[in-house]
Each structure stands twice: as C-alpha cells, then as structure tokens.
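Novice: Okay, handing you the structure first.
The values are calculated or read from the model by the stated rules, or taken from the named source; none is laboratory data. None of the values given here were measured: they were computed from a predicted structure. Because the Cβ atoms are built from the backbone with ideal geometry, glycine has one as well, and the counts that use them run over all protein chains shown. Please note that ligands, DNA and RNA were not included when accessible areas were found on the heavy atoms of the full protein model with its side chains. Shrake-Rupley method; radii C 1.70, N 1.55, O 1.52, S 1.80 Å.
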Amino acid sequence: MKELKKEELEIELLLKAIYSLSGYDFRQYMRSSIARRIQARLSRDRLPSITSLTEKVIHEEGYLQKVLSDFSINVTEMFRDPSFFKAFRNEVVPMLRELPEIRIWHAGCSTGEEAYSMSILMEEEGLGERTKIYATDINEKVLKKAESGIIPLQKMQLYTKNYIMAGGKKSFSEYYTTDCEAAYLNASLLDRMVFAQHNLVTDGSFNEFHVIMCRNVMIYFNTDLQSHVFNLFNESLSMGGFLGLGSKEALRMEYPVFKEINLQEKIFRKVSHVK
C-alpha cells in the first residue's frame, strides 16, 4: 500500500511537471492508462523510477516531446466500426440534407482516418460541396500525417472491407491513387477538411457544429473530465446537432440535453439547451 501511494505521488508530480512545461494537462486522464504508458517508457529507456523520468522531462532537451507522444492515443482506421458509419448514413444524413451548409468536427482525430471516411461518405450522399470537416487533435505530429492524406498501402485491404460493410456505394479504389508503398487520397476529399491542434482538456469551443464525432477518446478520461468535454460539445453543437461516440463510451450526463438516435451505435441528438 505504501509503495502504491509513492507511485501515485510520483505520477502526480510527473503530470504536474508536464503541465507546467507544456500546457498539456493529463491529470484527469484515466490513471490506469497513463500508468501503462509511463511503465512502457521506463522499460524502453531502462529508467529505475518515475522520478528519474520526471527529471529527464524537466532537464533533457527533447525528452518532454517523447513523453507527450507516449500519452497521445493514436489508434484508428478508416470506417472503424462499419455499423456506426452505416447507421450515420441511414439515420443522420437524411436530416442533414435540409441544411445549406454542414459543419462537422472530428475531435481527437489522430491520423485522420475517420475524418477521411466522413469526407467520402458525405461525397457519396451528394453533400460533399456543402460540407466542411474540422479535424483536431492534441498531437501536432499526427495532425501533419493526417493533413498529408497518405496511408500505408498494407492498411487498404482492411479499409476496403470496412468501407463495403459501412454501405459504400462505389469502388473504394476510386478515392485514392497508389504506388508500391502508399495510397494517396484524392485532393477533392482533403479540400473540404481543416486540420488544427485542439486540446479538449484546456481549449474552448471554436465554432458551432451540426455534427461532432469523438469516438474512442473519452474512455481515457476520468468522470470529471468527461463531464467537462460533454459540456464543451453541448456548447459547440447547434440545436438539433448530432454527437457520435465510440462503441465503448457512454453518455454520462445528468441533464436531458441529448436524445438517443441509435443507442447501439452511440449516436445522439441535441434537443435542449438545458444544463
């Protein structure tokens, strides 16, 4: 028990140092997830303790960025959870058709695959020219990768399967060109996308959106931080706007702001300004 308390104190001091030096606040992330990433870094660099890791973060140039990359969760794929995108196409898109313009925010977009997927879906539904997609993440490195629209070729077989299961209407290969190493998304898909750094923990609302996607991000946040982010999404969604969450996430709110559109796929609609 005493050792666990010491480790908890060490983690708290590390996270405080990271926040003081970078402005990135991981203190309300799920501690079990953070602890796993810390232990992985200790093992890679053969460090004896979390305190020694903190010392390197403070004193060694460039080391802070390594640890920040460790804490950034970058697991994604195109049309991930195909049934979600199929439900979005069938149940949400018909209601979006009424809008003269459609603003979509992919929060925590990682390397951009789900935002790419949305761009393809809206193109197929004849709404591409009316749609602007804002894809944000805390990690500048993955944002640069997302902005390039370049995907390793070995991933495209899985992505093609996902696309078909998600109700894709064309041949998936129409949306990219290839060489022997990579697939390059069509420029028309990227033209409607804006990539920008945004920190869900510390940054506020920056526009009013008709759709917000934040899938498989908040599973890494504690309850207080989840409530903070839900409030941010409530502020950022227009009345009647839609919120899409990940398969392992729940809508933890104590007020009736959102109505279930598809509970299984975690799609909700804003129906009230009540807080």
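Novice: Of the numbered conditions (1) assigned to a helix (DSSP H, G or I); (2) surrounded by fewer than 23 Cβ atoms within 10 Å (Cβ to Cβ); (3) in contact (Cβ under 8 Å) with a residue 24 or more places away in the chain, Arg80 fails exactly one; give the number of that condition.
Specialist: With respect to (1) assigned to a helix (DSSP H, G or I); (2) surrounded by fewer than 23 Cβ atoms within 10 Å (Cβ to Cβ); (3) in contact (Cβ under 8 Å) with a residue 24 or more places away in the chain, Arg80 is out only on (1).
Novice: Confirm whether Val211 is β-branched (Val, Ile, Thr), surrounded by 13 or more Cβ atoms within 10 Å (Cβ to Cβ) and under 20 Å from the mean Cα position of the chain (by Cα).
Specialist: In short, yes.
Novice: Quick check on the stretch 28-45: of everything there that is more than 16 Å from Glu7 (Cβ to Cβ) and part of a helix (DSSP H, G or I), which residue is least open to solvent (accessible area, probe 1.4 Å)?
Specialist: Among those that are more than 16 Å from Glu7 (Cβ to Cβ) and part of a helix (DSSP H, G or I), it is Asp45.
Novice: I'm trying to understand the selection: among the residues of the stretch 165-186, which are in a helix (DSSP H, G or I), open to solvent by 20 Å² or more (accessible area, probe 1.4 Å) and touching a residue at least 24 places away in the same chain (Cβ under 8 Å)?
Specialist: Once the filter is applied, which keeps residues that are in a helix (DSSP H, G or I), open to solvent by 20 Å² or more (accessible area, probe 1.4 Å) and touching a residue at least 24 places away in the same chain (Cβ under 8 Å), the stretch 165-186 yields only Met165.
Novice: Additional query: I need a count of the residues in the stretch 88-101 that are touching a residue at least 40 places away in the same chain (Cβ under 8 Å) and either under 19 Å from the mean Cα position of the chain (by Cα) or not in a helix (DSSP H, G or I) (or both).
Specialist: Final tally of qualifying residues: 2.
Novice: Just to be sure I understand the filter: pairs with C-beta atoms under 7 Å, separated by 6 or more residues or on different chains, first member in the stretch 123-151 and buried (at least 16 other Cβ atoms within 10 Å of the Cβ), second member aromatic (Phe, Trp, Tyr) and at pLDDT below 95. Which pairs pass?
Specialist: Here the result reads Ile138/Tyr24, each pair linking the stretch 123-151 to a residue that is aromatic (Phe, Trp, Tyr) and at pLDDT below 95.
Novice: Still on this model: If Glu140 meets every condition in (1) modelled with pLDDT of 95 or more; (2) of a type in the set (D, E, K, R); (3) touching a strand residue (DSSP E or B) at 6+ places or on another chain (Cβ under 8 Å) apart from one, which number is that one?
Specialist: Condition (1) is where Glu140 drops out.
Novice: If you don't mind, there's one more thing I want to ask. Quick check on my filter: what residues within the stretch 61-75 are in a loop (DSSP other than H, G, I, E, B) and either β-branched (Val, Ile, Thr) or at pLDDT 95 or above (or both)?
Specialist: Ile73, Val75
Novice: Of everything in the stretch 225-250 that's within 15 Å of the chain's Cα centre (by Cα) and part of a loop (DSSP other than H, G, I, E, B), which residue is farthest from Glu77 (Cα to Cα)?
Specialist: Glu249
Conditions (1) open to solvent by 50 Å² or more (accessible area, probe 1.4 Å); (2) more than 17 Å from the chain's Cα centre (by Cα), marked per residue:
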position: Leu15; (1), (2): no, yes
position: Phe26; (1), (2): no, no
position: Leu47; (1), (2): no, yes
position: Val57; (1), (2): no, yes
position: Tyr63; (1), (2): no, yes
position: Ser72; (1), (2): no, no
position: Lys86; (1), (2): yes, yes
position: Ile104; (1), (2): no, no
position: Glu113; (1), (2): no, no
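Novice: Sticking with this one: Got at least one residue in the stretch 166-185 being modelled with pLDDT of 95 or more, among the hydrophobic types (A, V, I, L, M, F, W, C) and out of contact with any helix residue (DSSP H, G or I) (no Cβ under 8 Å at 6 or more places or on another chain)?
Specialist: No; the residues of the stretch 166-185 include none that is modelled with pLDDT of 95 or more, among the hydrophobic types (A, V, I, L, M, F, W, C) and out of contact with any helix residue (DSSP H, G or I) (no Cβ under 8 Å at 6 or more places or on another chain).
Novice: Only one of (1) part of a loop (DSSP other than H, G, I, E, B); (2) in contact with a Lys or Arg (Cβ under 9 Å, 6 or more places away or on another chain) is not met by Gly204, so which one is it?
Specialist: Of everything listed in (1) part of a loop (DSSP other than H, G, I, E, B); (2) in contact with a Lys or Arg (Cβ under 9 Å, 6 or more places away or on another chain), Gly204 misses just condition (2).
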